[in-house]
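The values are calculated or read from the model by the stated rules, or taken from the named source; none is laboratory data. Only a predicted model underlies this, so the values are computations on that prediction, with no experimental measurement involved. Heads up, the Cβs are rebuilt from the backbone with ideal geometry, glycines too, and the neighbour counts pull from every protein chain shown. Each accessible area value is taken on the protein alone, full model and side chains, heavy atoms only, with ligands, DNA and RNA left out. Shrake-Rupley method; radii C 1.70, N 1.55, O 1.52, S 1.80 Å.
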Amino acid sequence: DAGQLRDRVTIQSETRTSNGQGGYSTSWANVATTPTVWAHVQGLSGDEALQAGVQRSIQQWRVVIRKRSDITTKHRLQWSGMNLNVKAVMPLPDEPRAFTLLICESGAVA
């Protein structure tokens, strides 16, 4: 139901710029075509984990947006002051032609 799309999210893609010393720096920029869209964001789970010797709080999110074919796991969403890293992209089982389901993660090292 499109009426469930009450949250605004901004879709971003990673850009890498050479640092002149053989490495690169990473930044994020809004996608060129319709970066901010309506969505339904729902928390799935939260957990604490040890990553690289640092304890992190990790949350998983279910995000539904209108169908898009330009989003991959190399994108992230900005929502309510948080960065949500896209981990899976699939059609919504009930409405595969109308909506896209994104499984996202926050709190982890990107």
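The table below gives the values:
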| quantity | calculated |
| --- | --- |
| Test for V86: is it within 26 Å of G3 (Cβ to Cβ), in a strand (DSSP E or B), under 13 Å from the mean Cα position of the chain (by Cα) and touching a residue at least 40 places away in the same chain (Cβ under 8 Å) | no |
| The stretch 9-28 - residue that is of a type in the set (G, A, S) and farther than 24 Å from W61 by Cα and, of those, nearest to the chain's Cα centre (by Cα) | S25 |
| Qualifying residue in the stretch 48-61 (condition: within 16 Å of the chain's Cα centre (by Cα), assigned to a loop (DSSP other than H, G, I, E, B) and not aromatic (F, W, Y)) | no |
| Some residue of the stretch 17-33 being in contact (Cβ under 8 Å) with a residue 12 or more places away in the chain, assigned to a loop (DSSP other than H, G, I, E, B) and not charged (D, E, K, R) | yes |
| Options I11, I58, I71, I103; residue that is surrounded by 12 or more Cβ atoms within 10 Å (Cβ to Cβ), of a type in the set (A, V, I, L, M, F, W, C) and at pLDDT below 90 | I58 |
| Test result for I65, closer than 23 Å to D94 by Cβ, part of a loop (DSSP other than H, G, I, E, B) and not polar (S, T, N, Q) | no |
| Among the candidates A2, A88, A29, A49, residue that is open to solvent by less than 80 Å² (accessible area, probe 1.4 Å), closer than 21 Å to G107 by Cβ, at pLDDT below 95 and of a type in the set (A, V, I, L, M) | A49 |
